[in-house]
Amino acid sequence: SGSGSGSAGNAGPNSLLAKLLTGKPRLRASFAAASVGHRHVHLLAETHGLRQACRPGALLAVESGRYMLQLKKEQVEAFNAKILELATTAGWVAAEAELETKLRTPAPHSGSSGMALTEAHLLFQAPQSA
């Protein structure tokens, strides 16, 4: 049975994420931003260490359930509530409205590719002091 909250077997210091990224002391507080897709929101759990791999003030964009067409409105709301629970439990805070507006406003074309933030992303920020 591969459904449910089956991330328990992948949590903690033995998880793949910990082995490749968050469990490496040299990478602690290294990242200024992170993005998590809707299929990987379980990695927001504190046991995976994503928050510790990010710098104070780092940004986190999490793909919400908004465009998961198989979900009903109530399921999308529950999914997004779970994202909020996982993120805040791990030490992230919801991005302030001003920052969120700035990040969602398209910049003039500069020839570089950036992360496209849409209304389908929930935005968080690491506290300024760890």
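Per-residue answers, yes or no, for (1) under 19 Å from Glu119 (Cα atoms); (2) more than 16 Å from the chain's Cα centre (by Cα):
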site	(1), (2)
Cys54	no, no
Gly57	no, no
Lys72	yes, yes
Val76	yes, yes
Ile83	yes, no
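Would you mention how many residues in segment 22-40 are closer than 23 Å to Thr118 by Cα and part of a helix (DSSP H, G or I)?
3
Can you find even one residue in segment 106-113 that is of a type outside the set (D, E, K, R), at pLDDT 80 or above and in a loop (DSSP other than H, G, I, E, B)?
No, segment 106-113 contains no residue that is of a type outside the set (D, E, K, R), at pLDDT 80 or above and in a loop (DSSP other than H, G, I, E, B).
Tally time: how many residues in segment 41-70 are more than 10 Å from Leu86 (Cβ to Cβ), assigned to a loop (DSSP other than H, G, I, E, B) and either free of Cβ contacts under 8 Å to residues at least 40 places away in the same chain or in contact with a helix residue (DSSP H, G or I) (Cβ under 7 Å, 6 or more places away or on another chain) (or both)?
7
Which residues, counting only those in segment 14-42, are open to solvent by 30 Å² or more (accessible area, probe 1.4 Å), over 24 Å from Leu99 (Cα atoms) and of a type in the set (A, V, I, L, M, F, W, C)?
Matches in segment 14-42: Leu16, Leu17, Leu20, Leu21, Leu27.
Scan segment 71-85 for residues that are open to solvent by 60 Å² or more (accessible area, probe 1.4 Å), part of a helix (DSSP H, G or I) and not hydrophobic (A, V, I, L, M, F, W, C) and jot them down.
Lys73, Glu74, Gln75, Glu77, Lys82, Glu85
The values are calculated or read from the model by the stated rules, or taken from the named source; none is laboratory data. Note that the coordinates shown come from a computational prediction; the quantities given were computed from them, not determined experimentally. A quick note on method: Cβ atoms are made from the backbone with ideal geometry, for glycine too, and the neighbour counts reach across all protein chains shown. All accessible areas refer to the heavy atoms of the entire protein, side chains included, with ligands and DNA or RNA removed. Shrake-Rupley method; radii C 1.70, N 1.55, O 1.52, S 1.80 Å.
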